[in-house]
1. Taking the stated definitions as given, is VAL266 assigned to a helix (DSSP H, G or I) and not hydroxyl-bearing (Ser, Thr, Tyr)?
2. Restricting attention to the stretch 282-295, does a residue exist that is within 19 Å of the chain's Cα centre (by Cα) and under 24 Å from TRP205 (Cβ atoms)?
3. Is it true that LEU101 is in contact with a helix residue (DSSP H, G or I) (Cβ under 9 Å, 6 or more places away or on another chain) and at pLDDT 90 or above?
4. Could you pull out the residue among PHE208, PHE185, PHE247 that is at pLDDT 90 or above and in contact with a Gly (Cβ under 9 Å, 6 or more places away or on another chain)?
5. Out of ARG56, ARG37, report the one residue that is charged (D, E, K, R), surrounded by fewer than 17 Cβ atoms within 10 Å (Cβ to Cβ) and either within 10 Å of THR175 (Cα to Cα) or out of contact with any helix residue (DSSP H, G or I) (no Cβ under 8 Å at 6 or more places or on another chain) (or both).
6. Among ALA165, ALA204, which is assigned by TED's automatic domain parsing to the domain that holds VAL293 and among the small types (Gly, Ala, Ser)?
7. Answer yes or no as to whether ALA75 is of a type in the set (A, V, I, L, M, F, W, C) and farther than 17 Å from ALA321 by Cβ.
8. So if I check each of VAL215, VAL193, which one is touching a Pro at 6+ places or on another chain (Cβ under 9 Å), outside the structural domain of PHE46 (by TED's automatic domain parsing) and in a helix (DSSP H, G or I)?
Amino acid sequence: MQQPSGVEPRVRLASDYAWRLLVLGAAVYVLFRLAMRFETIIIAIFLAMVFTALLRPPANVLARLVPRPLAVAVAVIGEICVLAGVFFLVGERVASNAPNLGSEFRGGIQRVETWLEGRPFHVHPGTLTNLQSKIGDYLSAHRSTLLSQALNSAGRAAEVLTVLALAVFCSFFFTHSGEQMWEWFQRQLPDRVQPIWRRCGAAAWRTFAGYTRGVILIAATNAVIVGIALAILRVPLVLPLVLVEFFLSFVPLIGSPIALAVATLVALASRGVPTAILVLALIVVSGEIEGHVLQPFVMGWAVRLHPVVVAVTVIAGTIAAGLVGAVVAVPFVSIVWAVVGELRAARTEPPTDTETEIGPEIGTEIGPEIETDEIP
C-alpha cells in the first residue's frame, strides 16, 4: 500500500507547473540571448519581411504582364528609388535652409530667454547667461569624447546600411519564391505536423502583413496631419520633422508623441512660445485621432490586441531590446496570439475527410489545409 507523501495535491500540481515554467523560461532566455548575439541578422530579416509585405501586391500585379522575376526586380528597384529620393529631398531641404536656420534659432533662443525672465517664471538673466557659458565650457572640455561618439555614430551608420542592403537582398527572394522556401521548410518536418504548421504559418503571415500595411497607413496619415499643421504654423524643417513623425509612428502609442515633442522644441526655438503651445496641443489631437479612429479602424481587423496589452508589450520590448524591441514587440505578440488561436481552432473543429492526425500534444484532428500562397 502506497504511503501518503504528506504533500497536498494542489501544492504538488503547482510545483509541477512551476518547474516546467522555469525550464521554459530558461529556454526563452537562452533563445533571447542568442537572438541578441545575431541582432543585426534578425533586424535585417524583420525588415525584409516588412519589405515583402509591401512588395508582394505590386509584384503580383506586375507579374500578370511580365515574367515574375522582372516584376519583382521592378518592385524592388522602385522601392529603393522611393527611399533614396525621400532621404535626398530631406538632405537637400536641410542644406538649403541651413543659412537661415541659424539666425532663426538664435532669435528664438533670445525670445525664450525673454519669456523665462518674465511672468510667471522670473528667471534671473544671469542664470541664463551662466547656463550658456557652462554649456560652451562643457563642449570644449569634452570635445574628444564627443568626437569619438560621432565616429561611433558613423560606424553605426555603416552598420545600418549593411542591414538595409541585406534586407533588400532577402526581400527580393522572399517576394519571388517565398512559397517555395516555405514548402521546402515544411518538407523537413514530420508528415503528421506539416498541416498544422501550414495553417499556423498562414495565420502568422496574414497577421504580420496586415499589421505592416496598417501601421504604415497610420504612420503616413500622422505624417500628413503633422506636416500640414507645421506648414500652416510656418515651423522650419517641416519635411525632416514629418519624416521623424513617420518613422517614430512605427512605435505604437509613444512614438508619435515623441516626434511631436521634437517638433515642439523646434517651434519653441524658431517661432516662439505661442507656436510651441499650438504644436503641443497637436500632440493631444493627434493622439486622439490615432487612438480612437486610426487604430480601431485600420488595425482592428489585423491585430486584435487590447490597448493595455499593446502598451505593456511596447514597454516590455523597450526594456528588453531598446528601440528595436519597441518596434518588434507588438507584431511579435500579435503573431503569437494568432498562432495560438489557430491551434485552439484546430483542436475544436470537427473532423473531415481531408484532415490529418497530428498527435496528442496539439490535438487529434485539424481542418482543411490552408493555401500556402499566403506565406511569403
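The values are calculated or read from the model by the stated rules, or taken from the named source; none is laboratory data. Model, not experiment: these values are computed from the prediction. Here Cβ is always computed from backbone atoms with ideal geometry, including for glycine, and neighbour counts include all displayed protein chains.
1. Judged against the criteria, VAL266 is a match.
2. Taking every residue of the stretch 282-295 in turn, at least one turns out to be within 19 Å of the chain's Cα centre (by Cα) and under 24 Å from TRP205 (Cβ atoms).
3. Working: in contact with a helix residue (DSSP H, G or I) (Cβ under 9 Å, 6 or more places away or on another chain): yes; at pLDDT 90 or above: no.
So LEU101 does not fit the description; no.
4. Working: PHE208 fails: in contact with a Gly (Cβ under 9 Å, 6 or more places away or on another chain); PHE247 fails: at pLDDT 90 or above.
Answer to the check: PHE185.
5. ARG37
6. Working: ALA165 fails: assigned by TED's automatic domain parsing to the domain that holds VAL293.
Selected residue: ALA204, the only one of ALA165, ALA204 that is assigned by TED's automatic domain parsing to the domain that holds VAL293 and among the small types (Gly, Ala, Ser).
7. Yes; evaluated as a whole, the condition is true for this residue.
8. The unique qualifying residue is VAL215.
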